[in-house]
Amino acid sequence: QQRAALLEAASLFPLSPGGARFSYGTAGFRAEGATMGPAVCRAGTVAALRSLKLGGAAVGVVITASHNPVRDNGVKIVDADGGMLSQVWEPFADALANAPTPDSLLQIVLKFAKEEEITLDGSHSAQVLLARDTRPTGEYLLDAAMKGVNAVIGAVAVDMGILTTPQLHWMVRCKNRGLKSSEADYFSQVIDSFRCILDLVPKVEGADFMNNRLIVDGANGIGGLKLEEIKQKISRLDIHVRNSGRGEGILNEKCGADFVQKEKVVPLGFGPADSAFRCASFDGDADRLVYFRIASSSDTRIDLVDGDKILSLFVLFIREQLDIINGKDNPGNGVLPTRFGVIQTAYANGASTDFLKNLGLEVAFTPTGVKYLHKKALEYDIGIYFEANGHGTVLFSDHFVSQLESLTSELSSKAVGSSQHQAAMRLLATSQLINQAIGDALSGMLLVEAVLQYKGWSFQNWCDLYTDLPSRQLKVKVQDRTAIITTDAERRVCEPSGLQELIDGEIANYSHGRCFVRPSGTEDVVRVYAEASTEEAADSLAKQVAQHVE
Ligand code: NG1
Ligand code: ZN
């Protein structure tokens, strides 16, 4: 019976002969939406098996291609802890997605189930929560994923509807922790914790009135739609949504976080009249966030605040709360031994890394991709990570949260309203606001807004934290991008031999020069990143190095 069900699902979505190979890569399977049926159906099967393996814990499937064009689509699997699929399972997901015939697919499943000691007789239950973004192929692919889940006997597929990627991650995490996990619960948690931090903003006599207007670029995707739904309930913030996903424009086209961060120009839907306000940009599935301000009313240039500067702002805020709690002024009261970790990738602007190191913080580096950053961040009491492109979050360990809880309840009996009590409350609210499962543009934006209000900072104050070094990214088409093998968190090439020496030779010609190359995990290209003291120098360094890669 189980065999028949797997064979039937596989034959409903046959692989097109001669089609490209699927690779799970940095962020799941992605390709043109219309060709994704087989990979998505099989990802559904992988998710169901994963749930079986984990004793029936909820596992998630999101249908999205994030910041990629609207004709593309993709699928990511959410593990039971709310994070990305365990890397140990990626080769299995790859093998399944590329199995040429239903029969070969069946053999791969049976072999893997045996190795992983997964019982396939239908006597165990499994559950998979599914969601999709607003792409036109989403409905078709959601159906494919459901069929893939249902091909595992005993597995139940639950369609959670149209959601942002981080919403589904949050739901899976909460459900498996026995917490409230509906969309309404998600919204109340972010709205309430945001209000809580605002209520704890120190009142400064005669302080300037904070500009509370915020204009948000929703990338014509799901994030804008969700924000429209809840913006009235968000206190003390005057939110205006552009590219809201209600038919003004095309998903991710000349708008959204990826466009704004890479092109550094004003997105569609924004004009000179907006130059007085701070603006935020989400990507198509709302897991990336950047900020910008239009440089002047005559111009399409922007002042960009990327993931690195969002990270820096959060670091300052959290450090300040820890210092208050641990009492620079009340030694002996130092209550919370805190391991505070900051994690970046090679794409982090060098100026941000210097800024963080100058604060006396240790900065760890991982390869590109949230799965690596997130894993590293879990090693700390508070672990914070961001990619320059705006994907990141702040993780609080369970142990630390329970320490904070006992501290606040202890202080609320003897020192309610003390600065220590308030700082502990702010950190607790932060742990509620910022998504503990994955980067989340909506809740990240609310934390930015809360911190700016707390500090009484304008957008300009934030920009002035440090000045980004000019940088340039290029893509190089090569025959086989897997020929490039990197080490040291992708900052150095070890194969082909000799390439790193050529790169070093180029870098030596530039002041503040930094450059690295790596194969993309989501596109068939090699990426080149260069940084130097001027735009021209960064451009030329990137070009020189690209020639060595070709
Ligand atoms: P690749 O294609 O592996 O560089 C891109 C982004 C990552 C990450 C993933 C997933 C850059 C340079 N790379 O990965 O940071 O966000 O997509 O979406 O932005
Ligand atoms: Zn995304």
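Bear in mind that the values in this text are calculations on the coordinates, not laboratory data. Predicted model only: the values in this text are computed from it and were never measured. Heads up, the Cβs are rebuilt from the backbone with ideal geometry, glycines too, and the neighbour counts pull from every protein chain shown.
Structure data summary
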item: For the stretch 1-132, average projected area of the Cα convex hull in nm²; result: 7.6 nm²
item: When each of K175/K376; K76/K147; K233/K455; K262/K477; K147/K375 is checked by Cα-Cα distance, pairs over 20 Å; result: K175/K376; K233/K455; K147/K375
item: Space enclosed by the convex hull of the alpha-carbon atoms of the chain, per residue, Å³; result: 157 Å³
item: Protection proxy ranking, peptides 528-536, 254-262, 289-297, average beta carbon neighbours within 10 Å, highest first; result: 254-262, 289-297, 528-536
item: Where only alpha carbons of the stretch 213-307 are counted, the Rg and the Dmax (Å); result: 12.0, 35
item: FRET efficiency, 1/(1 + (r/R0)^6) with R0 51 Å, evaluated for A4 and K475 via beta carbons; result: 0.70
item: Dipole magnitude of the stretch 222-351, debye to nearest 20 (Cβ charges: Lys/Arg +1, Asp/Glu -1, about Cα centre); result: 180 debye
item: Scattering curve values for the stretch 311-463, log₁₀ I(q)/I(0), Debye with Cα scatterers, q = 0.17 Å⁻¹; result: -1.01
item: Calculated FRET value between S418 and E228, using beta carbons and R₀ = 51 Å, to 0.05; result: 0.80
item: The chain - mean residue ellipticity at 222 nm from DSSP helices (-39,500 (n - 2.57) per run, n ≥ 4, rounded to 500); result: -12500 deg cm²/dmol
item: Ranked by how many other beta carbons lie within 10 Å on average, peptides 369-377, 433-441, 498-506 from highest; result: 433-441, 369-377, 498-506
item: Dimensionless Rg ratio for the stretch 411-550, taking C-alpha atoms and the 2.2 N^0.38 Å reference; result: 1.53
item: Residues of the stretch 44-67 with amide N under 19 Å of a point placed 7 Å along Cα→Cβ from T119; result: 48-58
item: Rounded to 5, the percent of DSSP beta bridges in the chain classed as antiparallel; result: 60 percent
item: The stretch 471-549, dipole about Cα centre (Lys/Arg Cβ +1, Asp/Glu Cβ -1), debye to the nearest 20; result: 140 debye
item: FRET efficiency, 1/(1 + (r/R0)^6) with R0 41 Å, evaluated for L361 and H240 via beta carbons; result: 0.70
item: Ranked packing of 484-492, 132-140, 148-156, most packed first, by mean Cβ within 10 Å; result: 148-156, 132-140, 484-492
item: The stretch 97-227: equivalent-ellipsoid semi-axes (sqrt of 5 x gyration tensor eigenvalues, Cα, Å); result: 43, 19, 12
item: Approximate spin-label separation I250-N461, in nm, with each point projected 7 Å along Cα-to-Cβ; result: 4.2 nm
item: Cα→Cβ-extended label distance, 7 Å offset, between Q87 and D488, nm; result: 1.9 nm
item: Virtual spin-label span in nm between R301 and R71, 7 Å along Cα→Cβ; result: 3.5 nm
item: Projected area, mean over directions - the stretch 471-549, Cα convex hull, nm²; result: 4.7 nm²
item: Net charge dipole size for the chain [Lys, Arg +1 and Asp, Glu -1 on Cβ; Debye, nearest 20]; result: 600 debye
